[in-house]
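Chemist: Quick one: the structure is below, and I'll ask about it shortly.
Laboratory data are not the source of any read-out in this text; all were calculated from the coordinates shown. For clarity, every value in this text was computed on a predicted model and none was experimentally measured. We place every Cβ from the backbone using ideal geometry, glycine too, and count neighbours over all the protein chains shown.
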Amino acid sequence: MGSVGIPLPDVEVAIVDADTGTTVLPNGETGEVILRAPQLMEGYFNNAYETTRSLRVHPEPSSSGFGRGPWLHTGDLGYLDEDSFLFIVDRQKDLIKTSGYQVWPREVEEVLAAHPSVREVGVAGIPDAVKGEVVKAWVVVRGGTQPTVDELRAYCREHLAPYKTPAQVEFRESLPKTMTGKVLRRALVEEHKRA
């Protein structure tokens, strides 16, 4: 439950450390999802920088477990369970780093979305002079409800570690979204910075 499934027979998937992308992590540990397959793209059109950043050849033979490349570094954070089912946790560039801790926005969003007064939510990291970043939630409430910031923060503290609880909650009429309905976290952060 919650998995995106197992790789197809001709697709290799590995989880590597998110910082360097060079060490294969054991099952159950979260890191960057990389994959290799015959149908892998050759590169980004007219974008050598993104191609070099995303498609990497790892040495062979290697004690790290890599085979011959290239491997696509997806930018997704996830893990493989003991049966090799892949679970996506979040996007690497959306990861919030607060006081040395890592917070996945999706985890906080899922907790807040379970609150009966929350219709929609977006979570991202915003700059903080002391902690580097702190968690902020942008919330659209369900009609006929009026939750308070303190109520939502207390709800988060019941279900999350203290450092994952939003330092700020902003109520909104709507959230910026992509054409496919995904919340644009970066747009929310940019709006916050301009305010």
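Chemist: Just to confirm the number: angle between the C-alpha axis of helix 185-194 and the first principal axis of the chain, 0 to 90 degrees, nearest 10?
Modeler: 50 degrees
Chemist: Along Cα→Cβ, 7 Å out, is where each label goes; now give me the distance between the ones at F45 and Y101 in nm to one decimal.
Modeler: For the pair F45/Y101, the computed spacing is 4.4 nm.
Chemist: Let me ask something else about it. Towards the positive end of the charge dipole of region 12-92, with charges on Cβ (+1 Lys, Arg; -1 Asp, Glu), say which of A37, T20, A48 has the farthest Cα.
Modeler: Going by the charge dipole, the pick is A48.
Chemist: Using only the alpha-carbon atoms, how far is helix 149-159 inclined from the longest principal axis of the chain? Give it as 0 to 90 degrees, nearest 10.
Modeler: It works out to around 40 degrees.
Chemist: Need the full-extension length gain, R119 to T74, defined as separation in residues times 0.36 nm minus the C-alpha distance. One decimal, nm.
Modeler: On the way: separation 45, 0.36 × 45 = 16.20 nm, distance 3.00 nm.
Answer, rounded to one decimal: 13.2 nm.
Chemist: Sort out for me the Cα centre separation of region 89-114 from region 123-155, rounded to whole Å.
Modeler: 12 Å
Chemist: Scan the chain and hand back the longest stretch that contains none of the chymotrypsin sites (Phe, Trp or Tyr not before Pro) lying in DSSP loops with at most 16 other Cβ atoms within 10 Å.
Modeler: Values: sites that count: Y44, F45, F85.
Excluding the exposed sites themselves, the longest stretch runs over 86-195.
Chemist: Something else now. In whole Hz and in residue order, list the ³J(HN,Hα) couplings for region 9-21 that follow from phi through the Karplus curve 6.51 cos²θ - 1.76 cosθ + 1.60, θ = phi - 60°; x for Gly and Pro.
Modeler: Going residue by residue, I get x, 9, 10, 9, 10, 9, 10, 10, 4, 6, 6, 10, x Hz, with x marking Gly and Pro.
Chemist: Something else about it: Can you list the equivalent-ellipsoid semi-axes of region 126-195, largest first and in whole Å, using the square root of 5 times each Cα gyration tensor eigenvalue? Provide the component values of the computation, followed by the final result.
Modeler: Values: eigenvalues 79, 70, 25 Å².
That gives 20, 19, 11 Å for the three semi-axes.
Chemist: Once phi is turned into θ = phi - 60°, what whole-Hz ³J(HN,Hα) does the Karplus curve with 6.51, -1.76 and 1.60 give for every residue of region 92-101, x standing for Gly and Pro?
Modeler: 4, 6, 8, 4, 9, 10, 10, 6, x, 9
Chemist: Can you compute 3J(HN,Hα) from phi for each residue in region 168-178, using the Karplus curve 6.51 cos²θ - 1.76 cosθ + 1.60 with θ = phi - 60°, rounded to whole Hz and x for Gly and Pro?
Modeler: Residue by residue, region 168-178 yields 9, 10, 10, 8, 9, 7, 7, 10, x, 9, 6 Hz.
Chemist: Shifting gears a bit: For P(r) over Cα pairs in 10 Å bins from 0, in percent, one of (1) 9, 36, 36, 16, 3, 0; (2) 8, 29, 32, 21, 9, 1, 0; (3) 9, 37, 41, 12, 1 was computed from the structure I shared and the rest are decoys. Which label?
Modeler: Identified label for the calculated read-out: (2).
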